[in-house]
Each structure stands twice: as C-alpha cells, then as structure tokens.
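The block underneath contains the structure these notes are about, expressed in structure tokens.
Readers should treat all values here as calculations from the given coordinates under stated rules, not as data from a laboratory. In this text, all values refer to a predicted model and were calculated from it rather than measured experimentally. Backbone-built Cβ (ideal geometry, glycine too); neighbour counts: all protein chains shown.
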Amino acid sequence: MIIINKDISIDEKYIILTFIRASGPGGQNVNKVSTAVQLRFSIDECGNLNDDQKELIRKTAGKKISNEGILIINAKRFRTQELNRADAFERLRKIIKKSLKTKKKRKPTKPTNASIEKRLKEKKKRSEKKRNRIVHEDD
C-alpha cells in the first residue's frame, strides 16, 4: 500500500514498475545496467479513488497520462534502482496530493472609502491635465 494521506492509500496492484536503461552520461554503467524506473499507474482501474478524484489527477498530470488513462513517471535521477524506485513513488505521491488538494475559495472584498476617494482624485487630476492639452480653435 502506498499512503498518500490519512484518507487515501493506493494498492500496489495498480502500479507496474519497469526497469530500463537510463540515457545521458554515465559511461559503462548506463550502457549495461538498467537503473532507470518507469512507473505506470492505472488511474481508471484504481478502486480507492472516486471519479472526481480520478478526473482531478488527470487534469494535474497532463501530458504524463497516456491515451489509455495510465500515468507514466520516468525516474532516472539516481544511479541505483532503489533510489530511482523511491523517487518514482514520491513523485506519484506528490502528483496525487497536489491534484486532491482543495483550493481556497476567493472571498471578494470591497474597496475602502479612502481608496475610492484616492482613485477619483487621481482621475480628476488626469482629466484636468488632458483638458489643458487641448488646442483651442479660437486662438
């Protein structure tokens, strides 16, 4: 079980781990050893999440989700499988936590009387300045 928060945990049967060769520098270690981890999480099959939560995860993950509804995370930051595996799980946790976090509703505020008065004074000053720029045709 992967614990996301106190209410949500995900069963590992919905997660497939594949070890692949990492790209980039590293010489023989990169060419020979499969240290990179590809984590695949099937969002649609997961029974621990309701439909609204699944939709929120899809929106947050964006391009990391395949057409089949599978969230794919590639972890190749470290030189060992264990660290890359832990990194992949942590990134999955972060994506799910971020998507399920409820956003605070904005409380609309009313401008203060002083700010309204200040704005009107500035408008009046600006209009006077522009009025003084007008070239009179009578002259």
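What FRET efficiency would be calculated for the residue pair Ser42, Lys97, taking the C-beta separation as r and a Förster radius of 25 Å, to the nearest 0.05?
0.85
So which lysines can Lys76 reach, going by Cα to Cα under 21 Å and dropping same-chain residues fewer than 8 places off?
The qualifying lysines are Lys32, Lys63, Lys64, Lys94.
Please give the contour-minus-distance gain from Arg126 to Phe78: 0.36 nm per residue of separation, less the Cα-Cα distance, rounded to one decimal in nm.
Extra length from Arg126 to Phe78 when fully extended: 11.2 nm.
Sorted from fewest to most neighbouring beta carbons within 10 Å, what does the list Asp87, Asp51 look like?
Asp51, Asp87
Extending each Cα 7 Å along its Cβ direction at Thr18 and Ser34, get the distance between those two points in nm, one decimal.
Simple spin-label model gives 0.9 nm for this pair.
Mind checking which lysines have their Cα closer than 18 Å to the Cα of Lys101? Skip sequence neighbours fewer than 8 apart in that chain.
Here the lysines satisfying the reach criterion relative to Lys101 are Lys6, Lys54, Lys59.
Would you calculate the separation in nanometres between label points at Lys63 and Ser115, each defined as 7 Å from the Cα along the Cα-to-beta-carbon direction?
Calculated label separation equals 3.8 nm.
Report the calculated FRET efficiency for Ala86 and Arg106 (r = Cβ-Cβ distance, R0 = 41 Å), to the nearest 0.05.
It comes to 0.65.
Using amide H atoms built 1.01 Å from N in the peptide plane, name the residues 5+ places from Ala36, or on other chains, whose amide H lies under 5 Å from its own.
Placed amide hydrogens put Ile20, Ala22 under 5 Å from Ala36.
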